[in-house]
Every structure is written in structure tokens, then in C-alpha cells.
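**Q** Can you read through this structure? Questions will come right after.
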Amino acid sequence: MRYGDTIIHVELPELYLENHHYFGSVTAIFDKFTKEDLGVGKETICRHLKREGFYLTPTGVMIRKSTVHRKGRK
């Protein structure tokens, strides 16, 4: 996998107006949200994403790791 092919999708609970956010790394999530917003720290998120590929935080935030599919070059 090339650098930049991973995408982290953060889905906030329904009560937020903008509830879908996309990031290139777990670290980038914490440029927008705090540990208190998510209910967990970076290490916990990394551990769950590595093991299962998704994580539902105690505050109801769903975090998923996926791959960006790109068109191949000719």
C-alpha cells in the first residue's frame, strides 16, 4: 500500500450537525477533536483500528479505517 492510501472516517453521533469527517491518520483526528470529545486517546484508537479496523468510543463516536481506491495509471 502506498503512503496516503489509508483514510480514517470519524462519524459523530446524530446530535452533531456535521457528523462525518475524514482524515489521513489517527494523529490528524486530534488536530480537530480533543481527547474529551472522543472519550479516548490516540493509543486506544490506534490499537482498535489495527486489530478490528473500527472502534466505537464511549462517547458514541464511530471511527473506521479504510483504503482509498485510486485509478491506475496507463
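**Q** Starting from the alpha-carbon convex hull of the chain, give the projected area averaged over all orientations, in nm². Show your work: numbers first, answer last.
**A** Working: hull surface 22.8 nm².
Value for the chain: 5.7 nm².
**Q** From largest accessible area down, sort Lys74, Lys50, Lys35; use a 1.4 Å probe on the protein chains.
**A** Lys74, Lys50, Lys35
**Q** Additional query: Using the Karplus curve 6.51 cos²θ - 1.76 cosθ + 1.60 with θ = phi - 60°, work out ³J(HN,Hα) for each residue of region 60-74 in order, rounded to whole Hz, and write x for Gly and Pro.
**A** Per-residue couplings from phi come out as x, 8, 8, 10, 10, 10, 9, 10, 7, 8, 10, 6, x, 8, 8 Hz.
**Q** Using a cut-off of 14 Å between alpha-carbon atoms, which aspartates and glutamates can reach Lys71, once sequence neighbours fewer than 8 places away in the same chain are excluded?
**A** Reachable aspartates and glutamates: Asp5.
**Q** A further question on this structure: Within the accessible area of the chain, what % is carbon and sulfur when the probe is 1.4 Å and the other protein chains stay in place?
**A** Numbers: 2950 of 5600 Å².
Answer for the chain is 53 percent, counting heavy atoms of protein chains only.
**Q** Then there's this: At 1.4 Å probe size, with no ligands or nucleic acids counted, give the accessible surface of Phe30 in Å², nearest ten.
**A** 60 Å²
**Q** Along Cα→Cβ, 7 Å out, is where each label goes; now give me the distance between the ones at Thr6 and Asp37 in nm to one decimal.
**A** In this crude label model, Thr6 to Asp37 measures out at 2.0 nm.
**Q** Here's something else I'd like to know. Taking loop as defined by DSSP and a crowding limit of 13 other beta carbons within 10 Å, which GluC sites (Glu not before Pro) in the chain fit?
**A** Details: sites: Glu11, Glu14, Glu18, Glu36, Glu43, Glu52; in loops: Glu14, Glu18, Glu52.
Sparse-neighbourhood loop GluC sites (Glu not before Pro): Glu14, Glu18, Glu52.
**Q** Still on this model: Which angle between 0 and 90 degrees, to the nearest 10, do you get for helix 42-51 versus the longest principal axis of the chain when only C-alpha atoms count?
**A** Computed tilt is about 50 degrees.
**Q** With every protein chain left in place, what is the accessible area per residue of the chain in square angstrom, probe 1.4 Å? Show your work: numbers first, answer last.
**A** On the way: 5600 Å² over 74 residues.
Accessible surface, normalised per residue, equals 76 Å².
The values are calculated or read from the model by the stated rules, or taken from the named source; none is laboratory data. Note that the coordinates shown come from a computational prediction; the quantities given were computed from them, not determined experimentally. With ideal geometry, Cβ positions are generated from the backbone for all residues, glycine too; neighbour counts draw on all protein chains shown. Remember, those area values only see protein heavy atoms, side chains included, never the ligands or the DNA or RNA. Shrake-Rupley method; radii C 1.70, N 1.55, O 1.52, S 1.80 Å.
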